[in-house]
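Student: There's a structure below that I have some questions on.
The values are calculated or read from the model by the stated rules, or taken from the named source; none is laboratory data. Computed from a predicted structure; not experimentally measured. All Cβ positions, even for glycine, are placed from backbone atoms using ideal geometry, and neighbour counts span all protein chains on display. Each accessible area value is taken on the protein alone, full model and side chains, heavy atoms only, with ligands, DNA and RNA left out. Shrake-Rupley method; radii C 1.70, N 1.55, O 1.52, S 1.80 Å.
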Amino acid sequence: MKLHPEEIEHLDKQIVWHPFTQMQDYLREQNLIIERGEGCYLIDIYGKKYIDGVSSLWVNIHGHGHPKLKASLKDQIDRLCHATLLGQSTLPATLFAKKLLGFVPENLTKVFFSDNGATSVEIALKMAYQYFRNLEDKNSSFKKRRRFVNLANAYHGDTLGSVSVGGIELFHAVFKDLIFEPLTIQNFSIEQAEQIFKQQGEEIVACVVEPMIQGAAGMRLMPPNFLSFLRKLCDRYGVFLICDEVATGFGRTGKMFAIEHEGIKPDFLCLAKGITGGYLPLAATLTTESVFQAFCADYRDFKTFFHGHSYTGNPLACAAGLANLEIFEEEQVLTHLQPKIKFLTKGLIKFQKHPHVKEVRQLGFMVGIELDSYPIEQKMGHQVVLAARKRGIIIRPLGNTLVLMPPLAIDLPTLQILVQGVYDAMDEVT
Ligand SMILES: *Cc1c(COP(=O)(O)O)cnc(C)c1O
């Protein structure tokens, strides 16, 4: 069946329900249907090229169609497309887990695969919780440990467990009756965090954070030393620290992982988005030997971690994950990234001076440009997106905050076009 572009657009509007999209608006507007990708560009069904300004929602690292990633996938397709990890393994899963552990703090020794960021956090929550259930017969003080601590404005994905530790009112309010209540630290408050731990430290399983920068909250930066403060607090009260690096991992913040900015070691590290260079869905929850040991027992003790997904650790995705890490090494991606970050910082100065920009926030290649507080029904962020699209740029805002998150592989001239194009789009609309 060969369809004309208009027919494809019509078909999409007829039958595809898009995520995080008010479909009533979508059905009224021109839709954008991507057919191909080349480097940092996406190409639609009419052949029009766009800069992929948010890395296809924060996942792409080395650009689209990278020869090594493509070759590794083609090679893996000929061998095996899928086999389960339940009770057995695959060659790519084993090799990728080994490679991945070489990039993280040495206290993390175990890799539990899943297939998206929300589940990687869900798994960390369940593992941390079950750790205390598994050990509470031996250590009765563990019986009380049933609560989680989170940060206001957190985002950890859209499954109910991840929503429970999330804190973005707009996404989460409607599900309030279905979720569990965490203890929430507001405004990165050290005093409040200390108070929560002092009063309820022995009831807490884990503290969940997006290290250094809260992405979906609009690129909100943690104050310096707050992360290391939380690490110390967790240590003092025997509480796990879960670091959700789904957005910040794989070079996004200028270092391989955001925890490196403060040299801290989490008890759980949640990875997804960039883990395959943005080519296939894959996620991993990394944890320590001592967590792992709490699940090892005679089968009849029922200490097994009863959690898994059909496509957990898919071999194609793991092959891409392996190629992704090899590219980081072979192309010295992080070294080449540093001047690009500086260039981007310079390019953002003129946004700061714009009369309708409230604040510009940046950590590495994660940028939030917060506009004035326009009323929500004006959909100002969305207006800028449409104006940018006319200029051959794809971005997606978070409310009134424009997001720039280009692939790490972007070159300086393209980065310049992206920054200027977004500026012009914003200037036109505001
Ligand atoms: C995107 C994101 C998630 C959810 O990942 P999905 O793959 O979309 O489920 C979780 N945590 C953070 C910090 C994220 O940015």
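Student: Spelling out what I want: for every residue of the range 33-50, take phi, set θ = phi - 60°, compute 6.51 cos²θ - 1.76 cosθ + 1.60 (Karplus), and round to whole Hz; glycine and proline get x.
Tutor: These are the phi-based 3J(HN,Hα) values: 10, 8, 10, 9, x, 9, x, 8, 10, 10, 10, 8, 5, 9, x, 7, 9, 10 Hz.
Student: Further question on the same structure: For a quick check: with amide H placed at 1.01 Å from N, whose amide H comes under 5 Å from Ile213's, ignoring anything fewer than 5 positions away on the same chain?
Tutor: Correct list: Met222.
Student: Only residues of the range 323-358 count here: report those whose backbone N is under 12 Å from the spot 7 Å along Cα→Cβ of Phe103, or say none.
Tutor: Of the residues in the range 323-358, 323-334 have backbone N under 12 Å from the label point off Phe103.
Student: Here is a follow-up. Can you spot the lysines whose alpha carbon is less than 24 Å from Lys232's alpha carbon? Ignore those fewer than 8 places along the same chain.
Tutor: Lys110, Lys126, Lys143, Lys144, Lys198, Lys255, Lys265
Student: Taking trypsin sites (Lys or Arg not before Pro) as candidate sites, keep only those in a DSSP loop with at most 10 other Cβ atoms within 10 Å, then name the longest stretch of the chain containing none of them.
Tutor: 139-430
Student: Now for a separate question. Over the chain, average the accessible area per residue using a 1.4 Å probe and give it in Å², no decimals.
Tutor: Per residue, the chain has an accessible area of 46 Å².
Student: Please figure out what share of the DSSP beta bridges in the chain is antiparallel and state it in percent, rounded to the nearest 5.
Tutor: 65 percent
Student: Below 13 angstrom from the Cβ of Phe175, what's the summed charge of the other residues (Lys, Arg +1; Asp, Glu -1)?
Tutor: Residues near Phe175 contribute -3 overall.
Student: Loop by DSSP (not H, G, I, E, B), at most 13 other beta-carbon atoms within 10 Å: where is the longest site-free stretch of the chain for GluC sites (Glu not before Pro)?
Tutor: Here the longest segment lacking exposed loop sites spans 107-430.
Student: Amide H neighbours of Ile393 under 5 Å, counting only residues 5+ apart in sequence or on other chains, H built in-plane at 1.01 Å?
Tutor: Here Ile51 satisfy the definition.
Student: Given labels modelled 7 Å from the Cα in the Cβ direction, how far is it in nm from Phe343 to Asn31?
Tutor: 3.6 nm
Student: Okay, next question. Heads up, I need the accessible area for Asp427: 1.4 angstrom probe, whole protein in place, Å², nearest 10.
Tutor: Rounded to the nearest 10, the figure is 80 Å².
Student: Hey, could you get me the Stokes-Einstein D for the chain, Kirkwood radius over alpha-carbon pairs, 4 °C and 1.567 mPa s, rounded to whole µm² s⁻¹? Don't skip to the end; give the middle numbers.
Tutor: Working: Rh = 22.7 Å.
It comes out at roughly 57 µm²/s.
Student: By a straight-distance test (C-alpha under 18 Å), which lysines pair with Lys13 as possible cross-link partners, with residues fewer than eight away in the same chain excluded?
Tutor: Result set, ordered by chain and number: Lys2.
Student: Something else: Given points 7 Å out from each Cα along the Cα-Cβ axis, report the Thr430 to Glu377 separation in nanometres with one decimal.
Tutor: Going by the 7 Å Cα→Cβ label model, 2.3 nm.
Student: Calculate, axis by axis, the spread of Cα positions in the range 8-133 along the three principal axes, and write the results as whole Å, longest axis first.
Tutor: That gives 51, 38, 28 Å along the principal axes, largest extent first.
Student: If you add up the charges near Asp301, with Lys and Arg at +1 and Asp and Glu at -1, over every other residue whose beta carbon is less than 15 angstrom from its beta carbon, what do you get?
Tutor: Its environment carries a net charge of +1.
Student: Return the sequence-ordered ³J(HN,Hα) values of the range 233-241 in whole Hz as given by the Karplus equation 6.51 cos²θ - 1.76 cosθ + 1.60 applied to θ = phi - 60°, using x for Gly and Pro.
Tutor: 4, 4, 4, 4, 9, x, 10, 6, 10
Student: Here's a follow-up. Ignoring solvent entirely, what values of log10 I(q)/I(0) come out of the Debye formula for the range 107-184 at 0.15, 0.26 Å⁻¹ when each Cα is a single scatterer?
Tutor: For the requested q values the scattering log ratios are -0.60, -1.20.
Student: Still on this structure, I have one more. Give me the percent of the accessible area of the chain that comes from carbon and sulfur atoms, probe 1.4 Å, all protein chains in place.
Tutor: 56 percent
Student: Find the percent of Cα-Cα distances in the range 145-265 that exceed 19 Å, and round it to a whole number. If you can, show how the numbers build up before the last one.
Tutor: Working: 3180 of 7260 pairs.
More than 19 Å apart: 44 percent of the Cα pairs in the range 145-265.
Student: Something else: Of the residues Leu408, Leu286, Leu398, which exhibits the maximal mean-square fluctuation in a Gaussian network model of the chain defined by a 10 Å Cα contact cut-off?
Tutor: Leu398
Student: Next question, about the same structure. State the percent of C-alpha pairs, over all pairs in the range 47-106, separated by a distance greater than 16 angstrom.
Tutor: 66 percent
Student: Between Thr401 and residues 5 or more places away or on another chain, which pairs have amide H atoms under 5 Å apart, with H built 1.01 Å from N, and which residues are they?
Tutor: Under 5 Å from the amide H of Thr401: Leu371.
Student: Quick check: net charge around Ala284, other residues with Cβ under 14 Å of its Cβ, Lys/Arg +1 and Asp/Glu -1?
Tutor: Taking every Cβ under 14 Å from that of Ala284, the sum is 0.
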